[in-house]
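A short write-up of the structure that comes next.
The values are calculated or read from the model by the stated rules, or taken from the named source; none is laboratory data. Everything numeric in this text was worked out from a predicted model, so none of it was measured. We place every Cβ from the backbone using ideal geometry, glycine too, and count neighbours over all the protein chains shown. Ligands, DNA and RNA are excluded from the accessible area calculation, which covers all protein heavy atoms including side chains. Shrake-Rupley method; radii C 1.70, N 1.55, O 1.52, S 1.80 Å.
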Amino acid sequence: MDQNTASQRIQELSRQIEHHNHLYYVAAKPVISDYEFDQMLEELIRLEKQFPELKQPDSPSQRVGGTITKEFQTVVHKYPMLSLGNTYSETELREFDERVQKIIGDVPEYICELKFDGVAIGITYEKGVMVRAVTRGDGVQGDDVTANVKTIRSIPLKLTSGNYPDSFEIRGEIFMPRSSFDKINDTMYRQLQEDGYNDEEIADRLLKNPRNAAAGTIKMQDSKVVASRNLDCFLYFIYGENLPFKNHYESLKQAKEWGFKISEFYLKSKGINGVFDYINEWNVHRFDLPYDTDGVVIKVNDFRQQQELGFTAKSPRWAIAYKFKAESVSTKLLEVTYQVGRTGAITPVANLEPVQLSGTTVRRASLHNADQIQKLDLHEGDYVFVEKGGEIIPKITGVELAKRHPDSKPVSYITRCPECNTELIRKENEAVHYCPNDISCPPQIKGRISHFISRKAMNIDSLGDEKVELLVDKGLIADASDLYRLKEEDLLGLEKESIAEDGVKTKKISLREKSVAKILSGIEASKSIPFERVLYAIGIRYVGETVAKKLAHHFKDMDSLMTASYEALMEAPEVGDIIARSMVDYFSNPANKAQVLRLQAAGLQMKMDEKSLKKVISDRLKGLSFVVSGVFTKFTRDELKNLIEQHGGKVASGVTSKTSYLVAGDESGPSKLEKAREQGVPVITEDEFIKIASL
Ligand code: IVH
């Protein structure tokens with residue numbers, strides 16, 4: 001294809017893609033299939049690769065991300081990003097209305113809008129093309145996150161129709177739909193659980209709520225990740241000079257015509273009474289929306305009246321936010337049950353009389369740990385208040401004391417494991433109780449073996465969780481190494497009936513020749529799974545996929561790992577105190593060591609494949625130990641670490657007196673810099689490192 005034809009095709013594809021993008025993401029009326037859409041996008045990306053000089057700054061290929069922003073540029077807002085006065089009270093809202101009336105001398109027309117719970121963004125368009133998107137920051141200046149905002153498909157990169165002004169800024173709220181939030185957290189939850197984190201630790205690490213998730217995502221360095229997270233955006237305000245409208249209502253209508261996503265749920269109301277109706281309606285129906293809202297924004301419609309009302313130091317006098325109170329309902333505590341995780345961690349769960357809350361039926365709430373139960377002073381049969389407050393798992397916020405039966409007894413925490421009756425322990429400084437019987441407590445055994453066979457570990461998919469349960473219950477396996485001793489005659493004819501997920505039907509599994517053969521060949525095949533995955537599979541607490549990989553590359557074989565000291569472990573990349581301690585703990589238990597030796601004897605991969613060991617290029621950095629921190633311009637952090645190792649140096653995660661250099665990029669950890677200063681460790685830049693390593 002010659003350049004001329006390519007240029008025309010690129011333009012045509014860009015126009016088509018943006019048109020269908022709008023139909024899909026803004027108008028919600030797609031007319032072509034996803035497949036056809038993807039084909040066009042792929043063709044565009046291909047052509048732009050072939051003719052890079054033809055790539056336009058507003059090309060829809062940017063929707064898929066790919067730009068890495070190492071440091072976000074600070075931009076001063078042309079129009080300061082003010083916040084709104086807010087209130088939870090009807091009285092204060094009436095007072096707001098009275099103030100407005102007094103100043104303008106009339107009954108105003110209000111526009112009511114939903115208050116979307118996300119992060120504010122200001123997007124500037126020049127000649128119809130998106131040129132800049134800036135976060136709120138401190139209201140005066142924010143971060144330029146344009147590359148990330150361009151991945152949000154409902155935000156136009158280029159306006160196609162209408163009499164839009166030459167230059168204007170449109171403000172709105174970037175949010176994460178609840179479905180995307182749930183999906184991300186589900187995946188993270190499963191991963192963290194597999195990595196051996198207990199529920200409380202997981203709760204600390206999961207995305208807290210869709211708002212936090214949106215805020216975190218928009219500041220990510222890799223726009224590809226942003227693109228994968230399905231952010232969305234409602235626009236709600238336009239700034240500019242000589243704008244072609246007299247009031248807010250018209251501006252929303254116009255913005256919609258220009259191609260922006262404007263929520264359809266705004267309402268014009270003459271006087272404050274209609275505002276109250278709007279609030280009351282949305283206080284209930286907001287839970288039917290696929291995204292979070294935390295209130296209603298009320299704006300005086302007429303621009304001249306807005307001008308008359310003006311601003312206080314912090315916010316406009318012509319608008320106010322009415323915030324919804326977190327919904328709280330009372331329901332009866334039926335029973336506290338206790339779950340035992342793979343690591344033996346006990347999680348108390350409140351089983352509740354089913355109750356409607358924020359649009360879903362709540363039957364259970366996590367009680368976290370014994371301290372929490374004590375703090376609530378929870379009694380048997382209590383009526384408890386349940387709230388959802390943005391988080392996914394509902395929480396109990398208090399007890400309805402008036403309804404407490406005078407003879408009711410406080411809930412007493414179990415002292416023995418509900419599964420194996422072993423006395424529970426509580427480690428120093430930890431709120432969680434553990435069942436220490438890791439050898440024969442059934443859920444711990446099953447959990448560990450399920451983890452061992454899982455896809456990212458040994459990938460023995462012919463053996464699912466249910467079959468593992470069957471084999472454990474029949475006493476055929478008690479740890480992963482037993483799998484490698486199973487014979488056909490052990491398995492043939494085994495049967496089990498279990499209750500299906502619906503709690504009513506029964507499901508039957510029975511092992512016949514074909515499935516037995518599959519199980520055995522799956523087990524056999526797992527013997528060639530690489531060492532790093534074997535290390536992940538054995539399920540050492542906190543040793544997830546990435547850490548296992550790093551440890552395997554650093555120590556090269558299981559023997560070195562088994563005998564590694566805490567200090568030696570701390571030297572490995574990505575390993576900090578918690579992981580190092582967990583490793584030492586694990587291998588100091590003779591039963592764990594024995595299991596690993598049995599796995600070794602069974603023929604599993606216990607050392608790095610020679611070919612995949614990193615090639616040593618030189619020993620120029622021999623005897624030197626480096627800590628690498630921050631973001632660099634010439635290399636990624638991992639590349640730098642690889643370079644150090646390839647030239648015979650060591651990479652450690654923490655600065656100690658033994659560290660030779662701290663290689664610090666932008667945003668490197670302040671505690672590392674401080675430690676380096678304290679210990680007299682030289683801090684060098686990426687360029688200085690290149691010199692030292694004579695690269
Ligand atoms: S109007 C000067 N409308 O709530 C007018 N804001 O506390 C400024 N927000 O910073 C904003 N939904 O981030 C407006 N429909 C809406 C909104 C909205 C959410 C956010 C926005 C603002 C904050 C005010």
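Rounded to the nearest 0.05, what FRET efficiency is calculated for E36 and R304 with R0 set to 45 Å and r the Cβ-Cβ distance?
The calculated FRET efficiency here is 0.40.
For the residue pair V584 and S671, what label-to-label distance in nm results when each label sits 7 Å from Cα along the Cα-to-beta-carbon direction?
Inter-label distance under the simple model: 1.8 nm.
Between D577 and E353, what is the spin-label point distance in nm, taking each point 7 Å from the Cα along the Cα→C-beta axis?
Each label point lies 7 Å from its Cα, and together they span 4.7 nm.
Among DSSP beta bridges whose residues both lie in the stretch 616-678, state the antiparallel percentage, nearest 5.
DSSP beta bridges in the stretch 616-678 are roughly 10 percent antiparallel.
Take the Cβ-Cβ distance between E495 and K375 as r, set R0 to 41 Å, and report the resulting FRET efficiency rounded to the nearest 0.05.
Efficiency, rounded to the nearest 0.05: 0.30.
Given the C-alpha centroids of the stretch 313-364 and the stretch 28-88, what is the distance between them in whole angstrom?
36 Å
When you count, for each residue, the other Cβ atoms within 10 Å and take the mean per peptide, how do 508-516, 289-297 rank with the highest first?
The densest-packed peptide leads the list: 289-297, 508-516.
In Å², and per residue, what accessible area does the chain have when probed at 1.4 Å with the other protein chains present?
Spelled out: the 1.4 Å probe surface of the chain, per residue, equals 51 Å².
What lysines sit close enough to K29 to cross-link, taking a C-alpha to C-alpha distance under 20 Å and skipping anything fewer than 8 places away on the same chain?
Within the straight-line limit of under 20 Å, K29 reaches these lysines: K158, K253, K256, K261.
Please list, in chain and number order, the residues 5+ apart from E327 or on another chain whose amide H is under 5 Å from its amide H, with Hs placed from the backbone.
Counting only residues 5 or more places away or on other chains, the set is K388, G389.
Are there GluC sites (Glu not before Pro) in the stretch 411-476 that DSSP marks as loop and that have at most 11 other Cβ atoms within 10 Å, and which are they?
Answer by residue number: E428.
At a Förster distance of 25 Å, what's the computed FRET efficiency of T633 paired with Q73, Cβ-Cβ distance as r, to 0.05?
The calculated FRET efficiency here is 0.95.
So if each residue of separation counts as 0.36 nm, and I subtract the Cα-Cα distance between Y239 and S560, what length gain in nm does that give?
109.2 nm
Check the chain for me: any Cys whose beta-carbon has no other cysteine beta-carbon within less than 4.7 Å?
C112, C233
What area, in nm² and to one decimal, does the C-alpha convex hull of the stretch 1-132 cast on average over all directions?
Here the figure is 13.4 nm², rounded to one decimal.
With a 10 Å radius around each residue's Cβ, average the other Cβ atoms per peptide and rank 375-386, 118-129, highest first.
118-129, 375-386
Given the rule -39500 (n - 2.57) for each run of at least 4 DSSP H residues, summed and divided by the residues of the chain, what is its mean residue ellipticity at 222 nm, to the nearest 500 deg cm²/dmol?
Calculated mean residue ellipticity at 222 nm is -10500 deg cm²/dmol.
Of all accessible surface on the stretch 249-373 at a 1.4 Å probe, what whole percent is carbon and sulfur?
47 percent
Please give the net charge around L159, taking every other residue with its beta carbon less than 11 angstrom from that of L159, where Lys and Arg add +1 and Asp and Glu add -1.
-2
From the cross-link list K208/K672; K115/K299; K550/K675; K219/K641; K650/K691, which pairs have alpha carbons spaced over 19 Å apart?
As for pairs spanning more than 19 Å Cα to Cα, those are K208/K672; K550/K675; K219/K641.
Quick one: check the C-alpha center-to-center distance for the stretch 394-430 versus the stretch 251-276, whole angstrom.
50 Å
Measure off 7 Å from each Cα along the Cα-to-Cβ vector at E430 and K55, then give the distance between these two points in nanometres to one decimal.
That separation, rounded to one decimal, is 4.9 nm.
Applying a 10 Å radius around every beta-carbon, put 194-203, 18-27 in order of their mean neighbour count, most first.
Per-residue mean Cβ counts within 10 Å order the peptides as 194-203, 18-27.
Under 20 Å Cα to Cα from K78, which aspartates and glutamates show up? Leave out anything in the same chain fewer than 8 places away.
E126, D138, D143, D144, D166, E169, E173, E241
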